[in-house]
Amino acid sequence: MFGGYYFLWAPSSQSVVESPEKKGEVLNKFVTEVAAKLKKKDISKIDKYVIARATDEWARNPFLENELALKPRPSQQGAEGVSQEVSFKYSGYMETGDQRLAIINGMEYTVGEELEPGGYTVNSISANQVVIGVVGTDKIIVVEAKETN
């Protein structure tokens, strides 16, 4: 009998579910009020410029590293001909537990990984520098950490 009473006559403690139309009306009203308040607010010339430029296409994405740093550059080495020289930019360091990560030319590497472009491996990583080895030789390249602003 309690079950019948509970489901049929007991007052509901649950909240009333609003219809999607009602929620849409409330949202539209809120957006309209915010838009009206923003029109009344005095916007500086700089803010107007930023708002106008926000929808423009970017000629160059400022968040991507310069691709020229990854391309090999020829350098003269006497009678042996031309060899390829690559520049490396060590811009980040992170240590979690016993694993160290270095950000070199915008990509994350751990010790032993091969760098892009190929032919180079990460020999060691510290907060101040990274040691890069040239595959197949004893040559190493020490790259100091470079802070970016």
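In segment 58-78, is there at least one residue being more than 30 Å from residue 143 (Cα to Cα), modelled with pLDDT under 75, exposed (fewer than 10 other Cβ atoms within 10 Å of the Cβ) and not assigned by TED's automatic domain parsing to the domain that holds residue 109?
Keep residues of segment 58-78 that are more than 30 Å from residue 143 (Cα to Cα), which gives 58-59.
Among the residues that remain, those that are also modelled with pLDDT under 75 are: 58-59.
If we keep only those that are exposed (fewer than 10 other Cβ atoms within 10 Å of the Cβ) as well, we get 58-59.
Now restrict to residues that are not assigned by TED's automatic domain parsing to the domain that holds residue 109: 58-59.
Yes: one or more hits.
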#### Entry: Residue list for segment 89-117, filter: aromatic (Phe, Trp, Tyr) and more than 13 Å from residue 132 (Cβ to Cβ)
93
### Query
So how many residues does segment 99-149 have that are exposed (fewer than 11 other Cβ atoms within 10 Å of the Cβ) and among the small types (Gly, Ala, Ser)?
3
### Query
Considering segment 1-42 alone, what residues qualify as being surrounded by 10 or more Cβ atoms within 10 Å (Cβ to Cβ), at pLDDT 75 or above and assigned to a loop (DSSP other than H, G, I, E, B)?
none
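The values are calculated or read from the model by the stated rules, or taken from the named source; none is laboratory data. Because the structure is predicted, anything quoted here is derived from the model rather than measured. Because the Cβ atoms are built from the backbone with ideal geometry, glycine has one as well, and the counts that use them run over all protein chains shown.
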